[in-house]
């Protein structure tokens, strides 16, 4: 199958990354448990808007924030296992200036894909334009678009504090649950093919 995989909040730990740099640069004490909803950054920082935050994030130690993120434990390994039987397409929302850093991050961490789609950060309806049999995303504004515009696909919500259940999406709490769901989907397709 073709799997559409989001990066930030799914493969790459965006929140721990920006918090680490923000606390360092501004002598702050923001913690990850304070991240309770999407776009909470202006509430926790001195930035008045998300646009101000994005501007700051574009030059941290000579690269954008996206170059410095750590992968979630087990994410790369699970992706490698999935890539043995499926095609993984990265579908991620980033500022245009982060494209090169995103490609370098994927290469450095050995993420198994030949296909990367980078949509704008203000376009939650762009991801469904990339066709996939199954999607994995954590974006509360993206998930409803995937469910509505790709009803033939299996949409998975990576459960995080900043998102809520979406009717039509399957909740997964970790990569092992996503792997199990993909195995079930692949098995049901094979069964249907042989009938």
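Right, residue 53: in contact with a strand residue (DSSP E or B) (Cβ under 8 Å, 6 or more places away or on another chain) and in a helix (DSSP H, G or I) or not? The answer is no for residue 53.
Among residues of the stretch 118-142 being touching a residue at least 60 places away in the same chain (Cβ under 8 Å) and surrounded by fewer than 19 Cβ atoms within 10 Å (Cβ to Cβ), the one that is farthest from residue 170 (Cα to Cα) is 121. Scanning the stretch 79-100 for residues that are crowded, with 19+ Cβ neighbours inside 10 Å and in a helix (DSSP H, G or I) returns 79, 82, 98. The residues on offer are 65, 3, 60, and the sole one that is in contact with a strand residue (DSSP E or B) (Cβ under 9 Å, 6 or more places away or on another chain), crowded, with 19+ Cβ neighbours inside 10 Å and touching a residue at least 12 places away in the same chain (Cβ under 8 Å) is 3.
Yes or no, residue by residue, for (1) in the same structural domain as residue 35 (by TED's automatic domain parsing); (2) within 20 Å of residue 2 (Cβ to Cβ); (3) under 16 Å from the mean Cα position of the chain (by Cα):
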{"residue": "105", "(1), (2), (3)": "no, no, yes"}
{"residue": "112", "(1), (2), (3)": "no, yes, yes"}
{"residue": "117", "(1), (2), (3)": "no, yes, yes"}
{"residue": "121", "(1), (2), (3)": "no, no, yes"}
{"residue": "144", "(1), (2), (3)": "no, no, yes"}
{"residue": "149", "(1), (2), (3)": "no, yes, no"}
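Filtered by the rule that a residue be closer than 30 Å to residue 84 by Cα and without any contact (Cβ under 8 Å) to a residue 60 or more places away in the chain, the stretch 6-57 gives 13, 14, 15, 16, 17.
The values are calculated or read from the model by the stated rules, or taken from the named source; none is laboratory data. As the structure is a prediction and not an experimental result, all values here were calculated from the model. We place every Cβ from the backbone using ideal geometry, glycine too, and count neighbours over all the protein chains shown.
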